[in-house]
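The values are calculated or read from the model by the stated rules, or taken from the named source; none is laboratory data. Source: prediction; values computed, not measured. In this analysis, Cβ positions are derived from the backbone assuming ideal geometry, glycine residues included, and neighbour counts consider all displayed protein chains.
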Amino acid sequence: MQHRIVVLGAGYTGALAAGRLAGRLRPEDVSVTLVDAEPDFVERVRLHEVAAGRPLRPRPYREMFAGTGVGLRTARVTGIDVDRRSVTVSTAGGTEELGYDTLVYALGSGWDAEGVPGVAEHAHEIAGRAGALRLHDRLARLEAGRPVVVVGGGLTGLECAAEIAEARPDLQVALATREGLGDRLSDAGRRHLRRVFRRLGVTVHEHTDVTRVEAGRVLTADGTSIPAAVTVWATGFAVHTIAKATTLEVAGTGQIVVDRTMRSVSHPEVYAVGDAAWALGPGDKPLRMSCASGLPTAWQAAEAITARLTGATPPKVPLRYVQQCVSLGRADGLIQFVTADDRAVPAILTGRPAAGYKELTCKAAAWAVTHPRLLRRRHRPAVRERRHRAEPAGASAA
Ligand SMILES: Cc1cc2nc3c(=O)[nH]c(=O)nc-3n(C[C@H](O)[C@H](O)[C@H](O)COP(=O)(O)OP(=O)(O)OC[C@H]3O[C@@H](n4cnc5c(N)ncnc54)[C@H](O)[C@@H]3O)c2cc1C
């Protein structure tokens with residue numbers, strides 16, 4: 001009987017983990033099933049480009065995983081019973097249960113529409129493909145001179161404001177941020193950002209707390225009304241509530257609390273990776289939701305599962321930051337080099353070289369995820385135990 005590994009979510013981290021597991025373990029020993037609500041891979045890091053009118057390259061999972069041994073299920077995960085080791089999915093044909101021996105939870109995140117009145121009703125988002133396409137449709141119908149407000153001064157908000165301003169110089173694009181513009185960047189990084197926003201004509205409302213979104217405007221804590229024919233809400237990501245509804249230990253954010261090997265601290269047969277995981281990086285700081293830290297977590301989980309099933313010691317995959325890559329339209333960018341725990345250092349790269357560097361980084365990430373056949377190892381060790389042997393929580397954290 002095979003050991004059943006079920007991977008939930010085929011985004012950057014789930015697809016990488018599934019490909020790596022199938023490439024490292026023997027098909028007679030394990031089955032790897034990858035579940036996603038969508039039939040194709042969504043390059044999420046490019047969704048601001050989608051909003052500005054650049055469609056994503058189609059990458060169907062059937063083609064990506066052909067010949068890898070990974071079993072694909074197009075289905076929406078609606079619940080998990082971690083005590084019965086079963087996942088409930090809904091498909092066009094109805095509801096089904098999928099049993100597992102090892103579960104990899106990689107359902108990613110969506111936009112954070114909670115907390116501020118009017119966001120869910122009146123704002124647009126770019127955290128998911130459907131939202132980015134809706135925003136693109138809306139922008140395409142927007143007449144020249146109309147105001148667009150991007151709320152959120154994190155990397156996604158910065159990229160989004162620059163991308164829209166460059167693609168539609170006839171619109172009045174503004175960015176509202178609670179902090180100062182680029183506060184977490186180096187001095188040189190901040191200066192470059194200001195220069196680019198000036199050149200693109202983006203108005204910046206700094207130290208501005210948006211407290212309400214209405215049709216046609218946003219309202220701020222000090223009572224100011226900022227006109228907004230379109231509001232884009234980019235204040236951060238929130239995870240799906242599926243994990244929180246289980247007996248898994250989750251953080252206040254709803255992310256699954258994992259050890260250094262990405263294994264749940266409460267349920268040893270469950271691993272969480274990417275945005276869905278509450279994992280500590282250098283300096284014991286929680287990893288930021290990003291591809292940059294998500295891909296190593298997927299690699300770590302796949303290595304740990306392989307090692308544990310084959311009787312080896314899980315290796316420690318490096319989890320650290322090197323840079324923050326920010327696109328500022330198609331022809332400019334900012335590469336902010338950082339410490340291992342993600343604090344800006346003075347070194348930066350700007351302009352066209354930075355745009356090229358960012359483009360290469362995006363391509364490399366997508367390439368690594370969409371070529372699972374290349375993860376196949378010639379020598380694959382035998383699995384010692386096909387059925388999972390439950391261990392006390394945290395007992396084998398590396
Ligand atoms: C516009 C934008 C720009 C970004 N730029 C960068 C960047 O420059 N650098 C960087 O490091 N990070 C960036 N990020 C963040 C990065 O995209 C995420 O951190 C990364 O995608 C997380 O990977 P993941 O595998 O955890 O989740 P995802 O890539 O989101 O994958 C989750 C998968 O789960 C599936 N799924 C979700 N719910 C269900 C369900 N109920 N049932 C079945 N399937 C489901 C989804 O379809 C998806 O395929 C950006 C994000 C956005 C939105």
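Numerical summary
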{"quantity": "Those residues of region 227-266 which are assigned to a loop (DSSP other than H, G, I, E, B), closer than 20 Å to L107 by Cβ, touching a residue at least 40 places away in the same chain (Cβ under 8 Å) and away from the ligand (no atom under 13 Å from the Cβ), in sequence order", "calculated": "T246, T247, L248, D259, T261, V265, S266"}
{"quantity": "Among (1) out of contact with any helix residue (DSSP H, G or I) (no Cβ under 9 Å at 6 or more places or on another chain); (2) touching a residue at least 40 places away in the same chain (Cβ under 8 Å); (3) near the ligand (Cβ under 10 Å from one of its atoms); (4) small (G, A, S), the one test that S90 misses", "calculated": "(2)"}
{"quantity": "Among the residues listed as L142, L175, the single one being of a type in the set (A, V, I, L, M) and buried (at least 20 other Cβ atoms within 10 Å of the Cβ)", "calculated": "L175"}
{"quantity": "Filter pass, V322 being under 22 Å from the mean Cα position of the chain (by Cα), within 13 Å of the ligand (Cβ to nearest atom) and on the phi < 0 side of the Ramachandran plot", "calculated": "yes"}
{"quantity": "Verdict on Y105 being of a type outside the set (D, E, K, R), in contact with a Leu (Cβ under 6 Å, 6 or more places away or on another chain) and crowded, with 22+ Cβ neighbours inside 10 Å", "calculated": "yes"}
{"quantity": "Selected residue [of a type in the set (F, W, Y) and either assigned by TED's automatic domain parsing to the domain that holds A127 or away from the ligand (no atom under 11 Å from the Cβ) (or both)] from F41, F65", "calculated": "F65"}
{"quantity": "Test: residue in region 29-38 that is farther than 25 Å from E385 by Cα and surrounded by fewer than 22 Cβ atoms within 10 Å (Cβ to Cβ)", "calculated": "yes"}
{"quantity": "Residue list for region 304-346, filter: of a type in the set (A, V, I, L, M) and not in a strand (DSSP E or B)", "calculated": "A304, I305, A307, L309, A312, V317, L319, V322, L328, A331, A340"}
{"quantity": "Test: A301 is in contact with a strand residue (DSSP E or B) (Cβ under 7 Å, 6 or more places away or on another chain), in contact (Cβ under 8 Å) with a residue 24 or more places away in the chain, part of a helix (DSSP H, G or I) and among the small types (G, A, S)", "calculated": "yes"}
{"quantity": "Qualifying residue in region 160-168 (condition: touching a Gly at 6+ places or on another chain (Cβ under 7 Å), closer than 19 Å to A331 by Cα and without any contact (Cβ under 8 Å) to a residue 40 or more places away in the chain)", "calculated": "no"}
{"quantity": "Criterion: within 13 Å of the ligand (Cβ to nearest atom), crowded, with 21+ Cβ neighbours inside 10 Å, modelled with pLDDT of 95 or more and not small (G, A, S) - qualifying residue of D332, D275", "calculated": "D275"}
{"quantity": "Residues located in region 89-103, provided they are in a strand (DSSP E or B) and closer than 13 Å to P268 by Cβ", "calculated": "T102, L103"}
{"quantity": "Of all residues in region 338-386 being of a type in the set (K, R) and at pLDDT below 95, the one that is surrounded by the fewest Cβ atoms within 10 Å (Cβ to Cβ)", "calculated": "R378"}
{"quantity": "Strands (runs of 3 or more DSSP E) completely within region 149-226 that count 2 or more residues being within 24 Å of the chain's Cα centre (by Cα)", "calculated": "172-176"}
{"quantity": "Where a residue in region 28-40 is of a type in the set (D, E, K, R) and its partner, wherever it lies, is near the ligand (Cβ under 6 Å from one of its atoms) and part of a loop (DSSP other than H, G, I, E, B), with Cβ under 8 Å and at least six apart", "calculated": "D36/G9; D36/A10; D36/G11; E38/A10"}
{"quantity": "Residue among V77, V89, V82 that alone is of a type outside the set (S, T, N, Q), touching a His at 6+ places or on another chain (Cβ under 7 Å) and surrounded by 12 or more Cβ atoms within 10 Å (Cβ to Cβ)", "calculated": "V82"}
{"quantity": "Hits in region 35-73 - residues which are touching a helix residue (DSSP H, G or I) at 6+ places or on another chain (Cβ under 8 Å) and either charged (D, E, K, R) or part of a strand (DSSP E or B) (or both)", "calculated": "D36, E38, D40, E43, R44, R46, E49, R54, R59, V70, L72"}
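Here is a yes/no grid of residues against (1) more than 15 Å from the ligand (Cβ to nearest atom); (2) under 13 Å from A228 (Cα atoms):
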| position | (1), (2) |
| --- | --- |
| P147 | yes, yes |
| A167 | no, no |
| D170 | yes, no |
| A176 | yes, yes |
| D183 | yes, no |
| R190 | yes, no |
| R194 | yes, no |
| R198 | yes, no |
